[in-house]
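**Q** To start, I am sharing the structure in question, which I have written as structure tokens.
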Amino acid sequence: MSERGGIFAGDDPFEIARAWLAEAKASEPNDPNAIALSTVDADGLPNARMVLLKDIEDGAFVFYTNYGSAKAREIEAAGKAAFVLHWKSLRRQIRVRGLTEREEGEKADAYFKSRSLKSRLGAWASRQSEPLDSRTALMAEVATVTARLGPNPPRPPFWGGIRIVPTEIEFWADGAFRLHDRFRWRRDGTGAEWEIQRLNP
Ligand SMILES: Cc1cc2nc3c(=O)[nH]c(=O)nc-3n(C[C@H](O)[C@H](O)[C@H](O)COP(=O)(O)O)c2cc1C
């Protein structure tokens, strides 16, 4: 492994990801933590949508969602997911592939509590990814849960975090003449040693 320094320095890919995200927070106009999350359905047909990356911790990338949603059901059936982070101003991307598990303990409770009351009630009211008759029906459901749960709703049992524990992380940075820099961290299982390689652009 040669010539890996600067923004790619260090052997811990989570530290590099945290450092790049911190830089992106300073340079991107909005949602620097938005990730394009990819799953596969029962027929093997890929699916993608944006979600917000909320934590990089304990060896995992964590986002929050409704466990009844299409994405969560696809993830739970496959036990796997992938995502890409792209920063247009920094001209960098991070790609992650890995195995998934739920984050539904105290950390999920704490994150839920940190959200605005309207967002917390919205999480209770929305049967995410299910057909909806009208916006009026959704607002009626919001009114119902507001009356039922009051000003301090608990985290819904159907809502929480999903941890993606990577087996592969690639860091990509724009280079002159499309000769971009790519470095991939890869391991056989989530506890195994990382193998680090430079890749052709
Ligand atoms: C920038 C952005 C951030 C989003 N963040 C989240 C999120 O953190 N969690 C979530 O469940 N949906 C989020 N969404 C909505 C999802 O893209 C998607 O519409 C929704 O989760 C339903 O997806 P599904 O039917 O594939 O499960 C976000 C959308 C955008 C555009």
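Laboratory data are not the source of any read-out in this text; all were calculated from the coordinates shown. Not measured: the values here are computed from a predicted model. Note that each Cβ is placed from the backbone with ideal geometry, even for glycine, and that neighbours are counted across all protein chains shown.
**Q** So the check is Cβ under 7 Å with 6+ separation or different chains; which pairs have a first residue in the stretch 61-81 that's closer than 8 Å to Ile162 by Cβ and a second one that's polar (S, T, N, Q) and more than 8 Å from the ligand (Cβ to nearest atom)?
**A** These pairs meet every condition: Ile75/Thr100; Ala81/Ser38; Ala81/Thr100.
**Q** Let me ask you something else. Say whether the condition of being within 24 Å of Ala9 (Cβ to Cβ) and loosely packed, with under 13 Cβ neighbours inside 10 Å is met by at least one residue in the stretch 155-174.
**A** The answer is no, given that none of the residues of the stretch 155-174 is within 24 Å of Ala9 (Cβ to Cβ) and loosely packed, with under 13 Cβ neighbours inside 10 Å.
**Q** Next question, about the same structure. From the residues in the stretch 18-58 that are under 15 Å from Ala82 (Cα atoms) and either aromatic (Phe, Trp, Tyr) or in contact with a Phe, Trp or Tyr (Cβ under 8 Å, 6 or more places away or on another chain) (or both), which one is surrounded by the fewest Cβ atoms within 10 Å (Cβ to Cβ)?
**A** Leu52
**Q** Can you tell me which residue among Leu21, Leu53, Leu37 is touching a residue at least 24 places away in the same chain (Cβ under 8 Å), in contact with a helix residue (DSSP H, G or I) (Cβ under 7 Å, 6 or more places away or on another chain) and on the phi < 0 side of the Ramachandran plot?
**A** Going through Leu21, Leu53, Leu37 in turn, just one is touching a residue at least 24 places away in the same chain (Cβ under 8 Å), in contact with a helix residue (DSSP H, G or I) (Cβ under 7 Å, 6 or more places away or on another chain) and on the phi < 0 side of the Ramachandran plot: Leu37.
**Q** Would you be able to say whether some residue in the stretch 63-86 is more than 8 Å from the ligand (Cβ to nearest atom) and polar (S, T, N, Q)?
**A** For the stretch 63-86, residues more than 8 Å from the ligand (Cβ to nearest atom) and polar (S, T, N, Q): absent.
**Q** Same structure, new question: Considering only residues of the stretch 20-45 that are part of a strand (DSSP E or B) and not β-branched (Val, Ile, Thr), which is nearest to the ligand (Cβ to nearest atom)?
**A** Among residues in the stretch 20-45 that are part of a strand (DSSP E or B) and not β-branched (Val, Ile, Thr), the one nearest to the ligand (Cβ to nearest atom) is Ala34.
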